[in-house]
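Each value in this text was obtained by applying a stated rule to the coordinates, not by laboratory testing. Keep in mind that this is a model prediction, so the values were computed, not measured. Cβ placement follows ideal geometry from the backbone for every residue including glycine, while neighbour counts extend to all protein chains displayed.
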């Protein structure tokens with residue numbers, strides 16, 4: 001699963017891996033997701049959850065991380081727009097297991 005608002009390259013990479021793209025939505029407040037709604041929509045077919053930190057706003061993904069760890073789902077953080085950001089004193093890009101941080105040459109800020 002991937003946020004509906006995201007770089008088109010992320011969608012293209014998922015499709016190039018012959019995987020199905022499923023999306024979830026942001027809340028009205030920047031950097032916020034209703035994790036109860038997002039996590040309830042995850043089926044057994046989902047093996048990866050991508051969380052994108054947009055516009056310099058780190059996403060609090062502790063609840064998503066705990067869910068992914070319990071279900072064996074790979075958590076990937078897209079940190080291209082939030083380099084150097086922190087969540088509860090911990091740098092973005094280090095919350096996944098194993099820690100993955102995505103930074104692409106197509107990022108708007110490179």
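Exposure proxy for 35, 95: other Cβ atoms within 10 Å of each Cβ, ordered fewest to most, give 35, 95. Counted by neighbouring Cβ atoms within 10 Å, the residues 33, 67 run from fewest to most as 67, 33.
Normalised by the residues of the range 18-66, what does the relative contact order come to in percent, with Cα pairs under 8 Å and at least six apart? Mind dumping the intermediate values first?
Working: 25 pairs, mean separation 17.8, N = 49.
Once divided by the residue count of the range 18-66, the mean separation gives 36 percent.
Cα extents for the chain along the principal axes, largest to smallest and rounded to whole angstrom: 35, 32, 29.
Using a Förster distance of 22 angstrom, determine the FRET efficiency expected from the C-beta separation of residue 88 and residue 23, and round it to 0.05.
Numbers: r = 26 Å, r/R0 = 1.19.
After rounding to 0.05, the efficiency reads 0.25.
Take the Cβ-Cβ distance between residue 34 and residue 12 as r, set R0 to 25 Å, and report the resulting FRET efficiency rounded to the nearest 0.05.
Working: r = 27 Å, r/R0 = 1.08.
Plugging the Cβ-Cβ distance into 1/(1 + (r/R0)^6) gives 0.40.
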